[in-house]
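Novice: Got a structure here, written out as structure tokens. Questions coming.
What follows draws every value from the coordinates through simple rules; no lab data is involved. For clarity, every value in this text was computed on a predicted model and none was experimentally measured. We place every Cβ from the backbone using ideal geometry, glycine too, and count neighbours over all the protein chains shown.
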């Protein structure tokens, strides 16, 4: 396992918000249960297990069984939160996610931990950068990628109250609170982080913070960048993308995931068929090398200067 | 009802199911009649001698659950659900047609009484196990039955579930193995052998019963246990004959998804009386 993330002032591990929210929900709703694959610690569910030992079902290192058991628990009237490392929950049990959860429509909440390249040093087997492309086509499955602890808690609360399958993708890397006034969490709706008219930066998860910083840097150069937090990848907020395309004429997508089939893919699919504008997709082109998160972000331009450069490129591709 | 009457009733239902299932396959010119016929006596026993359900309330919380993990054997499941009153008989003639609720594999979204979507093999046991665990958590007394094919046990997900069921002592969970010893292409033992199957489940912490899967009285004896009476999961290895009941289909791997021509259909209907 990777070393625990270094604690920084003002930065938070969203897994704490997830675990605390689930415990609070379980206190009030006896139907809530957790299913894990020997991942009590990495899912931060030690407290849940202590409070509700019967309701923490650890099936061991067996992801296909884990997801199937989740479907069965839903059949039996429970609200299961199935939590495991995102790479194994999605990849190893993909057919179960497809057939038992999405196609069957069971009321199961899948929670992918340490997603993206959070396990950078452990290499591509442990990176979860294909998950968006695998899950997006499973239409009934709502896919949410919270950007900070507040949004994580809201997403978990919403998932518990929503009747239907949900996937929540979490990191293990500390993130700050996103600075947006008067926030309300609406699944399927993009959050306007910053208004702007020259280019739209559409980001999700850990990348929203970088996109906001890049917009500030661009402003210093006289470029007005809109920033959207696209916390729901599926279904995509097409209205927000359409507005971004028509009002700015250029889009950059930024995600801690592969650029094929992820957020960038979704935005490009929509704009290509409706409002063709330049779309620069930032993320990973395929398997990436082993290395620290910081190093990998730098290698693939997932930095403030990298995003600013992509924004200028997108603006330069606008049709005259 | 006296047990002898029950046995006779179940056998009568099973005969009706075989005739209807073969009709469905003949009409659609698609299906898996070999595996339907090996499983029909088991499923008829569950629906007409063992399980608690109300076809008018398919979501009743306290219903016993049945999962057809070998989802290709829809002829056996669909005819049972029809005979149990879940839907009208005229739906059978739509089998695998455009927009039919009777898909090539069972679909809970469309057909009442189907507990989960199956078809890809090795899914039924984990889902059934989850249902059984939910029953334990809520102190409900429903029982959960899963039927797998024997070839299907080559899927690793089953053994993940078998391990968990044994470890957690899920006594309200019963697995029935349709042990016809044939898979799609050839014998199970020629492909990736399963024997000794009983020892494998015992080693995983299960109780095991071996019986003739066409002996309704024996099936009733082993499957209809009092809720709460078992401390360990139960595996019933039902020795069956693929294509059971039709002379030219019996023990032939080619009838896994073979379909009858008109002449074969007539012969089968004469035999199924």
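Novice: Apply the Debye scattering formula to chain A, with a single equal point scatterer on each alpha-carbon and no solvent, then give log10 I(q)/I(0) at q = 0.11, 0.12 Å⁻¹.
Specialist: The computed values of log10 I(q)/I(0) come out as -0.63, -0.75.
Novice: Counting alpha carbon pairs within less than 8 Å and at least 6 residues apart, what relative contact order, in whole percent, applies to chain A? Don't skip to the end; give the middle numbers.
Specialist: Details: 710 pairs, mean separation 53.9, N = 320.
Reported relative contact order: 17 percent.
Novice: Work out the FRET efficiency for residue A:51 and residue B:169 from their Cβ-Cβ distance, taking R0 = 22 Å, and round it to the nearest 0.05.
Specialist: For R0 = 22 Å, the calculated efficiency reads 0.45.
Novice: Restricting to the protein assembly as shown, compute how many DSSP beta bridges are antiparallel as a %, nearest 5.
Specialist: Values: 8 of 64 bridges.
About 10 percent, rounded to the nearest 5.
Novice: Specify the angular offset, from 0 to 90 degrees and rounded to the nearest 10, of the alpha carbon long axis of helix A:304-316 from the longest principal axis of the alpha carbons in chain A.
Specialist: Value to nearest ten degrees: 50.
Novice: Roughly what % of DSSP beta bridges within the stretch A:11-176 run antiparallel, to the nearest 5?
Specialist: On the way: 2 of 22 bridges.
Antiparallel bridges: around 10 percent, rounded to the nearest 5.
Novice: Given C-alpha coordinates of the stretch A:137-287, what is the ratio Rg to Rh with the Kirkwood estimate of Rh?
Specialist: Working: Rg = 14.6 Å, Rh = 15.4 Å.
Rounded to two decimals, Rg over Rh is 0.94.
Novice: With chain A treated as a Gaussian network of Cα nodes joined by springs under 10 Å, which of A:307, A:251, A:223 yields the largest mean-square fluctuation?
Specialist: Largest GNM mean-square fluctuation: A:223.
Novice: With Rg and the Kirkwood Rh both taken from Cα atoms, where does Rg over Rh land for chain B?
Specialist: Details: Rg = 17.3 Å, Rh = 18.4 Å.
That ratio equals 0.94.
Novice: Just need the relative contact order of the stretch B:67-124 here, percent rounded to a whole number, with Cα pairs under 8 Å and 6+ apart. List each step's numbers first, then the result.
Specialist: Numbers: 80 pairs, mean separation 23.6, N = 58.
This gives 41 percent for the stretch B:67-124.
Novice: Over the Cα atoms of the protein assembly as shown, what radius of gyration and what Dmax do you get, in Å?
Specialist: 27.0, 90
Novice: Also: Working from Cα positions, state the angle (0 to 90°, nearest 10) between the long axis of helix A:149-161 and the longest principal axis of chain A.
Specialist: The helix A:149-161 is inclined about 50 degrees to chain A.
Novice: A further question on this structure: Could you state the number of Å between the C-alpha centres of the stretch B:70-124 and the stretch A:72-114?
Specialist: 23
Novice: Also, quick follow-up: Please give the calculated 222 nm ellipticity per residue for chain A, where each DSSP H segment of at least 4 residues contributes -39500 (n - 2.57) and the sum is spread over every residue; nearest 500 deg cm²/dmol? Each step should come with its number before you reach the end.
Specialist: Working: 10 runs with 109 residues, N = 320.
Computed mean residue ellipticity for chain A: -10500 deg cm²/dmol.
Novice: Still on this structure, I have one more. What number, rounded to the nearest 500 deg cm²/dmol, is the helix-based mean residue ellipticity at 222 nm of chain B, given -39500 (n - 2.57) per DSSP H run of at least four residues and division by all its residues? Don't skip to the answer; put the middle values down first.
Specialist: Details: 9 runs with 104 residues, N = 273.
Rounded to the nearest 500, it is -11500 deg cm²/dmol.
Novice: Counting alpha carbon pairs within less than 8 Å and at least 6 residues apart, what relative contact order, in whole percent, applies to chain B?
Specialist: Working: 555 pairs, mean separation 64.4, N = 273.
Relative contact order for chain B comes out at 24 percent.
Novice: Here is a follow-up. Roughly what angle does helix B:262-271 make with the longest principal axis of chain B, taking Cα atoms, 0 to 90 degrees, to the nearest 10?
Specialist: Between the helix axis and the principal axis of chain B, the angle is about 60 degrees.
Novice: Given springs between every Cα pair under 10 Å in a Gaussian network model of chain B, which of B:234, B:137, B:102 has the largest fluctuation?
Specialist: Of the options given, B:137 has the highest mean-square fluctuation.
Novice: Sticking with this one: By DSSP, what percent of the beta bridges with both residues in chain B are antiparallel, rounded to the nearest 5?
Specialist: Given both bridge residues lie in chain B, the antiparallel proportion sits at roughly 5 percent.
Novice: Pick out which of B:253, B:203, B:165 has the largest mean-square fluctuation in a Gaussian network model of chain B, springs linking Cα atoms closer than 10 Å.
Specialist: Judging by the Gaussian network model, the answer is B:203.
Novice: Between residue A:182 and residue A:9, what is the FRET efficiency for a Förster distance of 25 Å, r being their Cβ-Cβ separation, to the nearest 0.05?
Specialist: Values: r = 25 Å, r/R0 = 1.02.
According to the calculation, E is roughly 0.50.
Novice: Rule-of-thumb check for the stretch A:107-157: C-alpha Rg over 2.2 N^0.38 Å?
Specialist: Values: Rg = 12.3 Å, N = 51, 2.2 N^0.38 = 9.8 Å.
Taking the Cα Rg and dividing by 2.2 N^0.38 Å, one obtains 1.26.
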